[in-house]
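No value in this document is a laboratory result; all are computed from the given coordinates. Predicted model, so just to flag it, every value in this text is computed and none were measured.
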Amino acid sequence: SSHLTVNGGAILGINGVPASINDVTIDVDGYAVVNGSKSLNVNGTFVTEGELVLEGNLLSGVLRVKGGGILGVNGVPATLNDVSIDVDGYAFVNAGKALTVNGAFTNNGTFTVKSDVNGTGSLLTNGTVSGSINFERYIGAWSENHGWHFVSSPVADQAISPEFVDINGTISSDV
């Protein structure tokens, strides 16, 4: 069986033809990037205690982000199978980028889908999901041409007050 370890301080870049390996580990302070339209096929488990940046696709049986590890989605729409984020692990989908998880998604760390003036990230799940997910949503300032913004909860039975509007109904231009 083939196992690849990216040691602390080392950098792994997948830049050429699609690569395939059984297991991958990124140690603390290690860094790996899957570039552009390239893909890395990990037949077993991909574990990161360092930083993994997906600008291309990672096909993996299980992706585990250990405590202190970082997963960033920053390129073409990425598709993963099972994803597990440990306590103190951090993962994010950058604004305008997309991640699809086709299996179990377990988050015990921090997972954020980012948003900015240029767009909003996307997370699609086709399996079980556990843990919380932070979704950012950029809302531009009010202007004569842009008008009001209506905000609603994405789930049933979520009250708008007091979470989004204070109990007195005071509206501020800073909201």
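Computed from backbone phi, the HN-Hα couplings of segment 44-57 come to x, 10, 10, 10, 10, 10, x, 10, 10, 10, 9, 10, x, 9 Hz, rounded to whole numbers (Karplus: 6.51 cos²θ - 1.76 cosθ + 1.60, θ = phi - 60°; Gly and Pro given as x). Across all Cα pairs in segment 1-130, the calculated P(r) in 10 Å bins from zero up to the longest distance comes to 14, 49, 33, 4, 0 percent per bin.
Answer rounded, prolate or oblate for segment 32-97, using the Cα gyration tensor with square roots of eigenvalues a ≥ b ≥ c: rounded when a/c is under 1.5, else prolate when a/b is larger than b/c, else oblate. Note, shape of segment 32-97 comes out oblate. Extension gain, residue 143 to residue 116, is 8.0 nm, computed as 0.36 nm per intervening residue step minus the present C-alpha separation.
Shape class for segment 77-119, computed from the alpha carbon gyration tensor (a ≥ b ≥ c): oblate, with a/c not under 1.5 and a/b at or below b/c. Put simply, the amide H of residue 58, placed in the peptide plane, has neighbours under 5 Å in 40, 79, leaving out anything fewer than 5 places away on its chain. Looking at segment 40-149 alone, DSSP beta bridges between its own residues are antiparallel in about 5 percent of cases.
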